[in-house]
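A short worksheet on the structure shown next.
The values are calculated or read from the model by the stated rules, or taken from the named source; none is laboratory data. As the structure is a prediction and not an experimental result, all values here were calculated from the model. Every residue, glycine among them, receives a Cβ derived from its backbone with ideal geometry; neighbour counts consider all protein chains shown. When the accessible area is computed, the model is the full protein with side chains, heavy atoms only, and any ligands, DNA or RNA have been set aside. Shrake-Rupley method; radii C 1.70, N 1.55, O 1.52, S 1.80 Å.
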Amino acid sequence: MSADPNKLGIFVTSPQHMRHILGIAKAAVRAGKKVMVFFTFKSIHLTKNPLFYELTQLCAVEDIAICADSYICEGFDNVNDVPRGLIDKQMRTQAFHGAILDECAKYIVM
């Protein structure tokens, strides 16, 4: 599959900058782009931020995910504590990050 110029990938590793992540996603959607987001490492703490739910509403269900292993490593339960706005199938592996790299012509790391 070749990278789609109408898709923006956001790879989030830092537990900071939720407002910036949301702002970038909103701007991309306003520009008619699809947004794919993957939260990993310490960034999974952002899933507890009230703005996280708003971000989930900007992305298709299959286009936003969090790393299940990171979630567990940070002390969260990936079965009984799925963040608001997500479903259990959005607890993914790093393979989702690979899909973002493959599918998105534009890519940013936060």
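The table that follows gives values for the structure above.
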| quantity | calculated |
| --- | --- |
| Helices (runs of 4 or more DSSP H) contained entirely in segment 1-90, each with at least 1 residues that are at pLDDT 95 or above and within 10 Å of the chain's Cα centre (by Cα) | 18-30, 50-56 |
| Subset of segment 62-94 that is among the small types (G, A, S) and open to solvent by less than 50 Å² (accessible area, probe 1.4 Å) - its residue that is nearest to N6 (Cα to Cα) | A65 |
| Filter result (surrounded by 14 or more Cβ atoms within 10 Å (Cβ to Cβ), of a type in the set (A, V, I, L, M) and within 17 Å of Y107 (Cβ to Cβ)) within segment 12-54 | V12, I21, I24, A25, A28, V29, V35, M36, V37 |
| H97 vs. criteria free of Cβ contacts under 8 Å to residues at least 60 places away in the same chain, out of contact with any His (no Cβ under 6 Å at 6 or more places or on another chain) and either open to solvent by less than 80 Å² (accessible area, probe 1.4 Å) or within 29 Å of P5 (Cβ to Cβ) (or both) | no |
